[in-house]
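**Student:** I am attaching a structure below and will ask some questions about it afterwards.
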Amino acid sequence: MSDLDLPKGVTLHRGKIRIAFRPPHEKVQWKRSLGIIATKANIKAAEQMLNSIRRDISLGQFNLADYFPNDPSLKKEQRMLSHMLGKHFLKAKAGLVKGSTIDAYKRHADLIIRAIGDVDVANVDVKAAKHIREAIISSSPSDYTASLRLWIVRVTVRRAVRELDLKTDPFGSFLDTVERKSKALKIGERETDVLNTDEVFTIGESEKIVNACRSENNKRLVTFLFWSGLRPGEAAALRREDVCLPYITVRHTLTQRGKVQTPKTGRERKIYLPSSARLVLERQLQTHDFERVWTTGKGKPYNTATLFSSKHWRKILERAGIMYRRPYMTRHSFASWMLKAGEPESAVANHLGHNDVTMVRKVYGKFIPDSKPVWTLDDPAKIDTLKRSMITTS
């Protein structure tokens, strides 16, 4: 049978069927012999396999081992960091975290490989491990991101050791998280996980921003974001059925890709709204009949978590004469106001949807007023009341 009778990508080599395909990031085609003779049925099977490979390549999920488990190149490929990240981290996390989190992990994995190259982990020595750490840190926008990426590689490598794909962990302590004020960080970069007072809006600034909005719809939305403390995705996903003023129940959030998911902590929460948020929410519900509460400037419900484009938000702040901070800072601003007003840390944590006060103390610690030690029992009136309550009749 001549090559002319064969489908594109299927050829004969020494009397056996061979297929050719080009995996992602490869400049030349890979050719693999199927080890079967050229019969009509075998050629059809080869064509189906080739189509399946091409489909996996287009979807970004091609794995040579799925089609050629005994391929000699796999011994080295299985030691490469890109392969380990896919097998021992991304696949291991699938089903355990949300799809949006997996997407974020994939982006970090791609940026790790872009920063350090595709490393043969089995051949990493001390000098290479130190270089890899420095490259990950220097290519990250913050120490938090650097620590996250180091953690991803650390989990990946240690899981590969447990599953016997690696004999030993060649990194050791080189994948530990970044210390505060690391010299490897870019000059002038500040902590992103601890808020400073100049990073949040004041109440006065929030009022100027609302007044700078040119539509009543945007004025109501910005007021709600400042005085509800909801994440933008949670506000975008808010439905009429979630509203029972003065309370709302935060059941869902919208992702940047328009997927409806449970909130970040994985559970719904019922919150009591301040009067400023209640007022604009009540007015908004009277402006349309959609199920979702908040609408775009064109009068249609939002379908992603982006309530304001960067360009639009920047223009609003410029008109207000306010230094730029991203829209998400409306949530942080509200939390800082609550704490400075003396609201209990536990109440703030519950309102924001945190599991406990740990995150509140870490992120908003500078806004928590210093408490003065005062013993209730030092008040004579209160101690007399307490004594009387303890009197028992025999």
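**Student:** Give me the compactness ratio for the chain, meaning the Cα radius of gyration over 2.2 N^0.38 Å.
**Tutor:** It is 1.36.
**Student:** Which lysines, on any chain, are close to Lys130 with Cα under 20 Å apart, when same-chain ones fewer than 8 places away are left out?
**Tutor:** Result set, ordered by chain and number: Lys167, Lys181, Lys183, Lys186.
**Student:** Using Cα pairs closer than 8 Å and at least 6 residues apart in sequence, work out the relative contact order for the chain, in percent.
**Tutor:** 11
**Student:** Let me ask another. So what's the angle, to the nearest 10 degrees on a 0 to 90 scale, between helix 380-389 and the longest Cα principal axis of the chain?
**Tutor:** The answer is roughly 80 degrees.
**Student:** Expressed as a whole percent, how much of the Cα-Cα distance distribution for the range 111-182 exceeds 20 Å?
**Tutor:** Taking all Cα-Cα pairs of the range 111-182, the fraction more than 20 Å apart is 23 percent.
**Student:** Taking 0.36 nm per residue of separation and subtracting the Cα-Cα distance, what length does fully extending Thr177 through Ile57 add?
**Tutor:** Working it through step by step, the gained length comes to 39.8 nm.
**Student:** Using Cα positions and a limit of under 20 Å, work out the lysines in reach of Lys259, with same-chain residues fewer than 8 apart set aside.
**Tutor:** Lys93, Lys98, Lys106, Lys300
**Student:** Moving to a separate point now. Using only alpha carbon positions, build the gyration tensor of the range 246-285, then give the equivalent ellipsoid semi-axes as the square roots of 5 times its eigenvalues, largest first, whole angstrom.
**Tutor:** They are 23, 13, 7 Å, listed largest first.
**Student:** Using every Cα-Cα pair within the range 282-394, state what percent have a distance larger than 21 Å.
**Tutor:** The answer is 65 percent, as a whole percent.
**Student:** Continuing with this model, one more query. Which value at 222 nm does the chain reach when only helices count, each DSSP H run of 4 or more adding -39,500 (n - 2.57), with the total divided by all residues and rounded to the nearest 500 deg cm²/dmol?
**Tutor:** About -13000 deg cm²/dmol.
**Student:** Right, next: Nearest 20 debye, what's the magnitude of the dipole of the chain about its Cα centre given +1 on Lys and Arg Cβ and -1 on Asp and Glu Cβ?
**Tutor:** 1000
**Student:** Take the eigenvalues of the Cα gyration tensor for the range 206-278, scale each by 5, and report the square roots as semi-axes in whole Å, largest first.
**Tutor:** 22, 15, 10
Where a number appears in this text, it was derived from the coordinates with a stated rule and is not lab data. Everything numeric in this text was worked out from a predicted model, so none of it was measured. For neighbour counting, all protein chains shown are included, and Cβ atoms are generated from backbone atoms with ideal geometry for every residue, glycine included.
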